[in-house]
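Participant: Can you keep this structure in mind? I'll have questions shortly.
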Amino acid sequence: MVSCGDMNPFDAELQRRLEALREQGLRRELRRVDSPAAARITIDGRTHLNFSSNDYLGLANHPALKEAAIRAVEQFGAGAGASRLISGSLAPFHELEETLAAFKGTEAALTFSTGYAAALGTLTALVGKEDILILDKLVHACIVDGARLCGATLRIYRHNDLNDLEEKLKWATKNRPQATSRILIVTESVFSMDGDAAPLRDLVALKERYGAWLMVDEAHATGLYGPRRRGLADTLGVSRGIEIQMGTLGKALGASGGYICGSRALVDLLINQARSFIFSTAPVPAAAAAGTAAIHLVQSDTGRELQERLWARVAEFSAAAPHLSPAPPSMILPIVFGDETRALQAADTLRGQHLYVTAIRYPSVARGAARLRVTLTAAHTPDDVVKLVAALNLLTP
Ligand SMILES: *Cc1c(COP(=O)(O)O)cnc(C)c1O
């Protein structure tokens with residue numbers, strides 16, 4: 001290792017910052033994987049059981065998605081060449097958006113390079129300095145960043161607390177900068193780091209009463225919930241009460257890209273004003289084709305079987321480790337340590353047994369709320385769950 005004395009002042013400063021992160025248990029490192037993203041991954045030449053993936057249905061490495069991607073490369077090439085408004089919009093994106101809108105039961109859909117870009121572009125297009133944005137305390141970083149960037153007045157309500165949300169709505173109604181000011185509420189449906197669900201029915205009723213708009217991020221629900229696997233909003237029958245339905249193609253759908261589903265007017269406005277859509281090269285056509293194949297697959301009998309398999313693993317985990325299981329059951333299992341270093345040590349211990357589970361720390365969760373975030377997928381076997389529970393039982397949270 002190079003000592004700070006040999007470094008130029010720039011690198012020496014950055015090295016000091018990295019050291020400070022390490023001392024707080026917050027230093028992050030990339031771990032190289034020499035195999036496809038799947039339930040079994042190869043690290044340092046050894047097979048590990050992967051309990052950290054959001055590929056909840058095991059689609060990332062599914063033949064139907066791979067074949068669709070390969071066909072798209074052959075037909076449309078490796079790259080998109082420019083932003084969709086500049087050089088023309090390749091057919092695979094249109095097919096994907098038509099498939100998505102039909103899947104979600106909305107008039108239209110628009111896809112972005114990532115869910116992160118979808119949140120940033122949508123929030124900045126829809127609200128600005130004259131408007132008021134009200135967020136659940138635990139929404140994803142992309143919504144927090146979009147909120148900061150759009151310049152709207154920001155209010156945060158306690159996680160899933162409708163009384164606190166109503167307080168914020170009352171405040172917002174009284175304190176609108178202008179008569180035309182809008183109030184937008186943003187929540188996730190199933191929360192990424194805790195696996196719990198927002199009370200969407202009550203939320204929709206409340207926002208109707210105050211004339212606010214609602215945006216729901218279904219990143220961890222699309223493909224997984226309900227008889228149609230459309231997500232939690234559809235399962236609860238409240239999709240029509242949600243102006244902006246957001247999600248990603250990169251998790252249960254196994255591909256890549258972010259989406260917004262809603263009215264034709266919403267999508268047309270985003271095409272005109274979402275800067276992360278306008279000023280960014282379109283994703284590779286293969287990603288769109290894989291996304292389309294994933295949505296078809298999720299809607300098929302195979303999709304239903306994968307969904308059943310996932311929830312069977314969740315039930316097996318709950319039965320074997322009720323003390324570690326969230327209620328209601330979820331494929332996201334947070335095992336909270338609090339202390340960052342202890343969470344890291346627990347992850348190291350599991351990795352020693354070839355179980356890959358990431359320690360989630362600030363700023364992904366609050367300081368002092370570090371955890372192992374265990375995720376189950378349809379690609380895990382009952383025996384994998386047995387191994388996981390045995391290893392977790394030896395840890396002391
Ligand atoms: C992962 C995630 C996103 C971002 O989606 P990407 O496609 O990965 O950029 C947005 N919201 C939530 C809740 C997420 O978990």
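The values are calculated or read from the model by the stated rules, or taken from the named source; none is laboratory data. Worth saying up front: this structure is predicted, and the values here are computed from it rather than measured. All Cβ positions, glycine included, derive from the backbone under ideal geometry; neighbour counts span all protein chains shown. What goes into the accessible areas is simple: the full protein's heavy atoms, side chains included, and nothing from ligands, DNA or RNA. Shrake-Rupley method; radii C 1.70, N 1.55, O 1.52, S 1.80 Å.
Participant: Return the residue satisfying two criteria in turn: it lies in the stretch 106-122 and is surrounded by fewer than 22 Cβ atoms within 10 Å (Cβ to Cβ) and part of a helix (DSSP H, G or I), and of such residues it is farthest from the ligand (Cβ to nearest atom).
Facilitator: So the residue we want is Ala117.
Participant: Please go through the stretch 207-224 and give me each residue that is within 16 Å of the ligand (Cβ to nearest atom) and not charged (D, E, K, R), ordered by number. Break it down stepwise before answering.
Facilitator: Initially, the stretch 207-224 is screened for residues within 16 Å of the ligand (Cβ to nearest atom), giving 214-224.
If the condition is that a residue be within 16 Å of the ligand (Cβ to nearest atom) and not charged (D, E, K, R), then Leu214, Met215, Val216, Ala219, His220, Ala221, Thr222, Gly223, Leu224 are the ones that fit.
Participant: Within the stretch 244-259, which residues are open to solvent by 10 Å² or more (accessible area, probe 1.4 Å), touching a Gly at 6+ places or on another chain (Cβ under 6 Å) and assigned to a loop (DSSP other than H, G, I, E, B)?
Facilitator: Ala255, Ser256
Participant: Something else: Scan the stretch 91-103 for residues that are buried (at least 21 other Cβ atoms within 10 Å of the Cβ) and away from the ligand (no atom under 16 Å from the Cβ) and jot them down.
Facilitator: Listed by number, the residues that qualify are Pro92, Phe103.
Participant: Checking the condition in contact with a Phe, Trp or Tyr (Cβ under 7 Å, 6 or more places away or on another chain), assigned by TED's automatic domain parsing to the domain that holds Ile183 and surrounded by fewer than 24 Cβ atoms within 10 Å (Cβ to Cβ), which residue from Leu232, Leu269 passes? Walk me through how you get there before you give the answer.
Facilitator: Working: Leu269 fails: in contact with a Phe, Trp or Tyr (Cβ under 7 Å, 6 or more places away or on another chain).
Result: Leu232 is the single residue among Leu232, Leu269 that is in contact with a Phe, Trp or Tyr (Cβ under 7 Å, 6 or more places away or on another chain), assigned by TED's automatic domain parsing to the domain that holds Ile183 and surrounded by fewer than 24 Cβ atoms within 10 Å (Cβ to Cβ).
Participant: In the stretch 257-296, which residue that is of a type in the set (Ser, Thr, Tyr) and in contact with a Leu (Cβ under 6 Å, 6 or more places away or on another chain) is farthest from the ligand (Cβ to nearest atom)? First the steps, then the outcome.
Facilitator: Just the residues of the stretch 257-296 that are of a type in the set (Ser, Thr, Tyr), to begin with: 259, 263, 276, 280-281, 292.
Keeping just the survivors that are in contact with a Leu (Cβ under 6 Å, 6 or more places away or on another chain) gives 259, 276, 292.
Details: Tyr259: 9, Ser276: 11, Thr292: 16 Å.
Among them, the one singled out is Thr292.
Participant: Return yes or no: is Asp44 at positive phi and loosely packed, with under 14 Cβ neighbours inside 10 Å? Spell out the reasoning first.
Facilitator: Details: at positive phi: yes; loosely packed, with under 14 Cβ neighbours inside 10 Å: yes.
Yes: the conditions hold for Asp44.
Participant: Among the candidates Gly257, Gly262, Gly247, which residue alone is touching a residue at least 40 places away in the same chain (Cβ under 8 Å) and within 23 Å of Gly81 (Cα to Cα)? Spell out how you get there, then give the answer.
Facilitator: On the way: Gly262 fails: within 23 Å of Gly81 (Cα to Cα); Gly247 fails: within 23 Å of Gly81 (Cα to Cα).
None of the others qualify; the one that does is Gly257.
Participant: Which of the residues that make up the stretch 191-224 are open to solvent by less than 20 Å² (accessible area, probe 1.4 Å) and in a loop (DSSP other than H, G, I, E, B)?
Facilitator: From the stretch 191-224, those open to solvent by less than 20 Å² (accessible area, probe 1.4 Å) are 191-192, 195, 198, 200, 203-204, 206-207, 212, 214-224; that's our starting set.
Answer for the stretch 191-224, where residues must be open to solvent by less than 20 Å² (accessible area, probe 1.4 Å) and in a loop (DSSP other than H, G, I, E, B): Phe191, Ser192, Gly195, Ala198, Ala212, Glu218, Ala219, His220, Ala221, Thr222, Gly223, Leu224.
Participant: While we're looking at this one, here's another question. Among the candidates Asp348, Asp383, single out the residue that is charged (D, E, K, R), at pLDDT 95 or above and within 30 Å of Lys137 (Cα to Cα). First the steps, then the outcome.
Facilitator: Numbers: Asp383 fails: within 30 Å of Lys137 (Cα to Cα).
Sole residue among the options that is charged (D, E, K, R), at pLDDT 95 or above and within 30 Å of Lys137 (Cα to Cα): Asp348.
Participant: Turning to a different aspect of this structure: Mind checking whether some residue in the stretch 284-292 is β-branched (Val, Ile, Thr) and open to solvent by 20 Å² or more (accessible area, probe 1.4 Å)? If you could, list the steps in order and put the result at the bottom.
Facilitator: Restricting attention to the stretch 284-292, the residues satisfying the condition of being β-branched (Val, Ile, Thr) are 284, 292.
Checking which are open to solvent by 20 Å² or more (accessible area, probe 1.4 Å) leaves us with 284.
There is at least one residue in the stretch 284-292 that is β-branched (Val, Ile, Thr) and open to solvent by 20 Å² or more (accessible area, probe 1.4 Å).
Participant: Continuing with this model, one more query. Name the residue, out of Arg342, Arg351, Arg313, that is among the charged types (D, E, K, R) and open to solvent by 70 Å² or more (accessible area, probe 1.4 Å). Lay out the reasoning, then the answer.
Facilitator: On the way: Arg351 fails: open to solvent by 70 Å² or more (accessible area, probe 1.4 Å); Arg313 fails: open to solvent by 70 Å² or more (accessible area, probe 1.4 Å).
Going through Arg342, Arg351, Arg313 in turn, the sole match is Arg342.
Participant: What number of residues within the stretch 60-77 satisfy the criterion of being under 18 Å from Thr111 (Cα atoms) and open to solvent by 30 Å² or more (accessible area, probe 1.4 Å)?
Facilitator: Here is the first cut: in the stretch 60-77, the ones under 18 Å from Thr111 (Cα atoms) are 65, 68-69, 72, 76.
Subset that is open to solvent by 30 Å² or more (accessible area, probe 1.4 Å): 76.
Summing the residues that are under 18 Å from Thr111 (Cα atoms) and open to solvent by 30 Å² or more (accessible area, probe 1.4 Å) in the stretch 60-77 gives 1.
Participant: Just wondering, is there one or more residues in the stretch 45-52 that are among the β-branched types (Val, Ile, Thr), over 25 Å from Leu266 (Cβ atoms) and more than 16 Å from the ligand (Cβ to nearest atom)? Can you show your working first?
Facilitator: Initial filter on the stretch 45-52 (among the β-branched types (Val, Ile, Thr)): 47.
The next check asks that each one be over 25 Å from Leu266 (Cβ atoms); those that pass are 47.
The next check asks that each one be more than 16 Å from the ligand (Cβ to nearest atom); those that pass are 47.
Yes, the stretch 45-52 has at least one match.
Participant: Test Ser239 against the stated conditions and say whether it is open to solvent by 20 Å² or more (accessible area, probe 1.4 Å), more than 26 Å from Ala80 (Cα to Cα), assigned by TED's automatic domain parsing to the domain that holds Lys207 and modelled with pLDDT of 95 or more.
Facilitator: yes
Participant: Specify which of the listed residues (Val204, Val144) is aliphatic (A, V, I, L, M) and away from the ligand (no atom under 16 Å from the Cβ). Lay out the reasoning, then the answer.
Facilitator: Working: Val144 fails: away from the ligand (no atom under 16 Å from the Cβ).
Matching residue, one of Val204, Val144: Val204.
Participant: Could you check Pro227 against (1) within 25 Å of His296 (Cα to Cα); (2) crowded, with 21+ Cβ neighbours inside 10 Å; (3) away from the ligand (no atom under 16 Å from the Cβ) and say which number it fails?
Facilitator: So Pro227 meets the others, but not (2).
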